[in-house]
Amino acid sequence: MMHREPLAEPAGGSFVSDTRTMMKTAPHLRVPGDKSIAHRAVMFAALARGTSRLRNVPDGLDVLSTQRAMRALGATLHADGDTLVVEGCGGAFRAPDEPIDCGNSGTTMRLVAGILATRAIDVTLTGDDSLRARPMRRVAAPLAAFGATIDLSNGWTAPMRVRGNGDARGAEIAVTVASAQVKSALLLAALGAHGPTRLTGELATRDHTERLLAAFSVHVRADGGALVLDGPAMLHAAEIDVPGDISSAAFLFAAAAATAGGTVTVDDVGLNPTRTAFLDVLRRFGAEVEVRIAADAPEPRGSVTVRGRALHAIEILPSEVPGLIDELPLVGVLGAFANGTTTVRGAAELRVKESDRIESFAAAARALGADVETAPDGFAVHGPARWHDGAVATHHDHRIAMAFAVAGRVARVRVTLDDPDCAAVSFPNFAAALESLA
Ligand code: S3P
């Protein structure tokens, strides 16, 4: 196992200087490395020529699925203290004898499918019950533009057999789903194709693939509203220090925001602007949020302090959804602590996450006393809830489990989760971190 710093540093109650005042700080915490960045860093290092060194790769189960997949395709990975050392294949992946098990991780399956689409090997990708129920046509259909043959089961789901085209040409593709996983799968396929690949359409999603490819010496060009990658392109080894995962920190921020007098600081967290919309949402709910950026490239990072205040309801518009997609269950929980009706619309994508997050959120919130209405593409929460003890069905969905652990702690009611351990998909020591909040 890799050595790690303690996840939750003790609440020091120390004093730090601020430009305006001296103020008492409540716990300074760190969260595991960013899952989205780590998936990409591990994949790109495995694909690259040379030896990459990756710091602060999280040991959540999803990123372990990506590590397993990269080993199966021929890369060598080993831990050196808190660094993951990856000997890349220089682009020459080989097909394993067995299907690759992507566990619960949609990012692993969809991005690896993209990489494989332009490599002349035949690989089957599978996963757990949840992943095998999630839509894969969204990557399989556009990847066919590279001449790959991709077989799915009847419901357009995994297992997914990818027979890549080693002689692919670059393609012009209009992306029709606002999904960073789809955009990334296509950019990764473009790495193995001859000539430019040009993507248009729904591209305003997290941009870690674009940023991390540049760190591995491959540049994605912005051309008007399009993204262009000139293939074939070889990645070169890199040293990457993964910042903390803002989508994990979000649970701690929400706990502080919903608690009068609550406060938390999370240090060294990723602040990529395509991921920080939740901080603005916290402000709109009425919380106080202070951001200090410490570094900018390849990924912005720094510290965030959140202080709780009385919350009032907000409205999330469809255009905001891609920037908040993983935080929407938390938006619902905060809505249940706020005065008024909080609405989320344009979020049908929630129905195809690790669980149907519209229904799993609503059922869990109602079980604890919240008044929730659902719609095909979102929900409305009439706050504040009349909280009471209750049992929550997580549907083995890490973000549902953590969102309702937060609700229980803030509302001071007993929440019984049917599968608290599923938090380990992204945040193995979540319970201890939540417990350490003042
Ligand atoms: C991810 C993108 C998002 C997000 C997921 C991770 C990524 O999915 O929900 O947790 O790393 O690209 P979509 O891009 O499909 O919305």
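The values are calculated or read from the model by the stated rules, or taken from the named source; none is laboratory data. This one's a predicted model, so the numbers in the text were calculated from it and none came from an experiment. Every residue, glycine as well, gets a Cβ built from its backbone with ideal geometry; the counts of neighbours run over all protein chains shown. The protein model used for the area step is the full one, side chains on, heavy atoms only, and it has no ligands, DNA or RNA in it. Shrake-Rupley method; radii C 1.70, N 1.55, O 1.52, S 1.80 Å.
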Discussion item. So, for the chain, what is the accessible surface per residue at a probe of 1.4 Å, expressed in square angstrom?
Written reply: 38 Å²
Practice prompt. Taking all protein chains together and a probe of 1.4 Å, list H312, H39 from the most accessible to the least accessible.
Written response: H312, H39
Item to complete: Leaving ligands, DNA and RNA out of it, report the carbon-plus-sulfur percent of the accessible area of the chain at a 1.4 Å probe.
Response: 51 percent
Discussion item. What FRET efficiency comes out for E290 versus R55 if R0 is 25 angstrom and r is the Cβ-Cβ distance? Round to the nearest 0.05.
Written reply: 0.45
Worksheet item: By what distance, in whole Å, do the Cα atoms of region 271-334 stretch along each of the three principal axes, largest value first?
Response: 34, 26, 15
Item to complete: Would you kindly find the accessible area of E359, with a 1.4 Å probe and non-protein molecules such as ligands, DNA and RNA excluded, rounding to the nearest 10 Å²?
Response: 80 Å²
Practice prompt. Give the Rg (one decimal place) followed by the Dmax (whole number) of the chain, computed from C-alpha coordinates and expressed in Å.
Written response: 21.3, 63
Worksheet item: If contacts are Cα pairs under 8 angstrom and at least 6 residues apart, what is the relative contact order of region 35-241 in percent?
Response: 22 percent
Response to the item:
Rounded to the nearest whole number, the Stokes-Einstein translational diffusion coefficient of region 35-241 at 4 °C and 1.567 mPa s (Kirkwood radius, C-alpha pairs) in µm²/s is 79 µm²/s
Discussion item. With a 1.4 Å probe and all protein chains kept in place, how much accessible area does E239 have, in Å² rounded to the nearest 10?
Written reply: 140 Å²
